[in-house]
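The values are calculated or read from the model by the stated rules, or taken from the named source; none is laboratory data. Just so it is clear, the model here is predicted, and its values are computed rather than measured. With ideal geometry, Cβ positions are generated from the backbone for all residues, glycine too; neighbour counts draw on all protein chains shown. To get the accessible areas, we keep the full protein, side chains included, count just its heavy atoms, and leave off ligands, DNA and RNA. Shrake-Rupley method; radii C 1.70, N 1.55, O 1.52, S 1.80 Å.
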Amino acid sequence: MIRVSHLNKTYRMGAAEVRALRDVSLTIERGDFVAIMGPSGSGKSTLLHVLGLLDVADSGTYELNGCITDRMTDDERAGLRSQTVGFVFQQFHLLPRATAVENVALPKLYGPGTSGRRPADLLDRVGLSDHRMHKPNQLSGGQQQRVAMARALTNNPTLLLADEPTGNLDSHSQEEILLLLEELNRDGLTVVMVTHELDVSRHARRVIRMRDGAVVSDERTGPVSAGGSAPVAKNIGSLSIRRSRWSALGAHGREAFRSLGANKVRAGLSMLGILIGVGAVVAMLALGTGARKAVEAQLSSLGANLLVLMPGSLKTHGVAQGAGAVTRFTETDARDIPDEIHTVTQTAPSVTGAAQLVYGNKNWRSSIIGTVPSYATLRALSVARGRFFTDLEVVQRARVAVLGATPAQELFGGTDPIGEYIKINRINFQVVGVLKEKGAMGWRNQDDVVGVPITTAMRRLMGKDYVDMIDVQVDKAAHLPATEKALRAYVIRRHRLAEDDESFDVMNLAEIQSAFQATSRTLSMLLAVIAAISLFVGGIGIMNIMLVTVTERTREIGLRKALGARGRDIQTQFITEALVISLVGGISGLLLGVGVSVGLSKFAGWAAGVSGGSVALAFFFSVGVGVVFGYWPARKAAALNPIRALRYE
Ligand code: ADP
Ligand code: MG
């Protein structure tokens, strides 16, 4: 079964050289039970690791089950190991968070798949049928070692390698383990056991003694076991069989959730970056949609050929910044403009403010627009019921109001408001009309308004002497630029201002649109930057946590390799873990983004739409970040040397 010849292995540590194996040659027959003895440091473990394909000798040849192993790749070695060899270690090396039965099932993940034994049966075999669901810390040392032995048998090995399996056990447990080994050997399993206790070696049928890396004696103490199953010749062609990726992925996923669960705070913190990043992406897309809708709403709510004359210098962000003097306008300005500029068909001055509306025991806060009847034409408003107020009512400063759809609903519910009296800032107004719903929601709820005559608003409600803006309708779109120029010239002449005066502003629709677009672009860019930075920082966070995880779990990685895991298996496992972190973070981020968007549309009246596209994008970003930033730690884990990993403290 095993034939090694002239094995040499030398460890170099700086200048010092340790010859761990010196010209070791031996043959072990199928069914033998070999004890390797010798003082500490004599090379026993090294030999066992070479026999178990966990390590390679510097020179010499090793034939296992008829396969020459010297030129095998790491993956072929892992394949042969998972099918042929079972390992039992002095330190048990059980996964601490997994139950006994899960620990026993672990090698299946790396095994050939179909063959192999049921973990529960194996636990019965080692006398632990009552302890299947126990975790390692709920088991005694002897019980843990029996679980480890069951695990070593999972993939039906022909060779069992045990490195001081009883070194950590009391004498009673030691006896149990040795009896178990003898029994397994009697059933045909080849056993090679390292020990330095003479008692222990008595259970073996052959004792090999080593000193300073060389075999010094080899004595037979009993016959080779004849019993057991006929040996199955395994050929090397079957070593690279594809294992079921999907079932492995499921197992990795479960493992990932388990390790996340064990480090909740840490995992939570490392998700934060992804969470904020994805949240920002989703909110950005939602706001972008909202901004587009707002511009569309502007388009539909303003007559196309509209100029707006406003006091103060209006910068692109729509905030009046009076640099020193501010030119104020009156209703007279509004009246005179159509007479002075022949391309202007009509004007509508307006003032705006906010006020408390009261009807019966109902309260509602709404924006007030004081204006004239032509405003309805210029802003494409129409009444659903009743009428708009008249020019006469403007002259009379009448206390009449036209309600937008929102206050009408809030104050009157289903009943007809026409003719009813409401209080606006404690002054009685009669409702004469209700506006049609605007439908499209812009940055503001356009339906949450109350229209009153401008004179009433200025003198009775707000105490203003000047108007806030004058809408100017131009006869043709082609006349807009010329009219804008003429309007400026007129205002400068009329108010005796300097040529380059900035104390007033004329905006046309195009400018309003670009102002909106600039605002939403700025917001989107800001969010995109936040998203990019957060995703990057989140990715680094995940990478960092994965590196810590890999370091923390070095021994586990070594164990998995000893159980037959290939580099690729380990890599898949850790990328899956990174993916789980980033996906959980991404999904939370998605919920956050949706929450922010819904919140904004609820409380700020922004139309923010979360689309399927942004959900897909959130998913795409999280997966991307997980894979990209999980790759390097996973590669690091995959590249670990199994022996060094197992010995890692
Ligand atoms: P044993 O199991 O018989 O106690 P080992 O096979 O573990 O001995 O080690 C044999 C020798 O090789 C020892 O002198 C040990 O110090 C040395 N050795 C083992 N592993 C390494 C290593 N990774 N690096 C350097 N020296 C090592
Ligand atoms: Mg040792």
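Specify the residue that is farthest from residue 48 (Cα to Cα); the eligible residues are those in segment 139-168 that are within 16 Å of ligand 2 (Cβ to nearest atom) and open to solvent by 10 Å² or more (accessible area, probe 1.4 Å).
Result: 168.
Give the residue that is least open to solvent (accessible area, probe 1.4 Å), with candidates limited to residues of segment 495-518 that are under 38 Å from the mean Cα position of the chain (by Cα) and modelled with pLDDT under 75.
Within segment 495-518, the match that is least open to solvent (accessible area, probe 1.4 Å) is 515.
With the structure loaded, tell me whether residue 26 is open to solvent by less than 10 Å² (accessible area, probe 1.4 Å) and either within 10 Å of ligand 1 (Cβ to nearest atom) or not polar (S, T, N, Q) (or both) or whether it fails that test.
Against the criterion (open to solvent by less than 10 Å² (accessible area, probe 1.4 Å) and either within 10 Å of ligand 1 (Cβ to nearest atom) or not polar (S, T, N, Q) (or both)), residue 26 does not qualify.
For segment 174-213, enumerate the residues that are within 16 Å of ligand 2 (Cβ to nearest atom) and not in a helix (DSSP H, G or I).
Correct list: 192, 193, 194, 195, 196, 197, 208, 209, 210, 211, 212, 213.
Listed residues 71, 77; which is open to solvent by 60 Å² or more (accessible area, probe 1.4 Å), outside any strand (DSSP E or B) and away from ligand 2 (no atom under 16 Å from the Cβ)?
71
Would you mind telling me which numbered condition in (1) within 16 Å of ligand 1 (Cβ to nearest atom); (2) open to solvent by 10 Å² or more (accessible area, probe 1.4 Å) residue 131 fails?
Going through the list (1) within 16 Å of ligand 1 (Cβ to nearest atom); (2) open to solvent by 10 Å² or more (accessible area, probe 1.4 Å), residue 131 breaks only (1).
Within segment 103-117, is even one residue of a type outside the set (Asp, Glu) and modelled with pLDDT of 90 or more?
Taking every residue of segment 103-117 in turn, at least one turns out to be of a type outside the set (Asp, Glu) and modelled with pLDDT of 90 or more.
A quick yes/no check of all residues on (1) more than 8 Å from ligand 1 (Cβ to nearest atom); (2) among the charged types (D, E, K, R); (3) out of contact with any Ser or Thr (no Cβ under 8 Å at 6 or more places or on another chain); (4) over 21 Å from residue 196 (Cα atoms):
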residue	(1), (2), (3), (4)
13	no, no, yes, yes
44	no, yes, yes, no
63	yes, yes, no, yes
79	yes, no, no, yes
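(1) at pLDDT 90 or above; (2) open to solvent by 10 Å² or more (accessible area, probe 1.4 Å); (3) away from ligand 1 (no atom under 16 Å from the Cβ): which one isn't true of residue 38, the others all being true?
(3)
Going by what's in this entry, would residue 109 be described as of a type in the set (A, V, I, L, M, F, W, C) and farther than 22 Å from residue 190 by Cα?
Yes; evaluated as a whole, the condition is true for this residue.
Of all the residues that make up segment 15-41, how many are part of a strand (DSSP E or B), within 16 Å of ligand 2 (Cβ to nearest atom) and in contact with a helix residue (DSSP H, G or I) (Cβ under 9 Å, 6 or more places away or on another chain)?
Of the residues in segment 15-41, 6 are part of a strand (DSSP E or B), within 16 Å of ligand 2 (Cβ to nearest atom) and in contact with a helix residue (DSSP H, G or I) (Cβ under 9 Å, 6 or more places away or on another chain).
(1) in contact (Cβ under 8 Å) with a residue 12 or more places away in the chain; (2) under 19 Å from residue 448 (Cα atoms): which one isn't true of residue 363, the others all being true?
Unmet condition: (1).
Of everything in segment 90-109 that's open to solvent by 30 Å² or more (accessible area, probe 1.4 Å) and assigned to a loop (DSSP other than H, G, I, E, B), which residue is nearest to ligand 1 (Cβ to nearest atom)?
Here the answer is 90.
Results for (1) in contact with a helix residue (DSSP H, G or I) (Cβ under 9 Å, 6 or more places away or on another chain); (2) under 19 Å from residue 364 (Cα atoms); (3) of a type in the set (Val, Ile, Thr), shown as yes or no for each residue.
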{"position": "388", "(1), (2), (3)": "yes, no, no"}
{"position": "405", "(1), (2), (3)": "no, yes, no"}
{"position": "409", "(1), (2), (3)": "no, yes, no"}
{"position": "413", "(1), (2), (3)": "no, yes, no"}
{"position": "422", "(1), (2), (3)": "yes, yes, yes"}
{"position": "446", "(1), (2), (3)": "yes, yes, no"}
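Can you list residue pairs whose Cβ atoms sit under 6 Å apart, with the first residue in segment 64-77 being free of Cβ contacts under 8 Å to residues at least 60 places away in the same chain and the second being surrounded by fewer than 17 Cβ atoms within 10 Å (Cβ to Cβ)? Count only pairs 6 or more apart in sequence or on different chains.
Correct list of pairs: 70/61.
Please specify each residue of segment 49-68 satisfying the condition of being open to solvent by 30 Å² or more (accessible area, probe 1.4 Å) and among the hydroxyl-bearing types (Ser, Thr, Tyr).
59, 61
I'd like to know if segment 564-572 contains one or more residues that are hydrophobic (A, V, I, L, M, F, W, C) and either more than 20 Å from residue 264 (Cα to Cα) or over 13 Å from the mean Cα position of the chain (by Cα) (or both).
The answer is yes; a qualifying residue exists.
List pairs: first residue in segment 194-211 and open to solvent by 40 Å² or more (accessible area, probe 1.4 Å), second residue assigned to a strand (DSSP E or B) and within 16 Å of ligand 2 (Cβ to nearest atom) anywhere in the structure, Cβ distance under 7 angstrom, at least six positions apart or on different chains.
As it stands, the answer is 196/37; 209/37, since those pairs meet every condition given.
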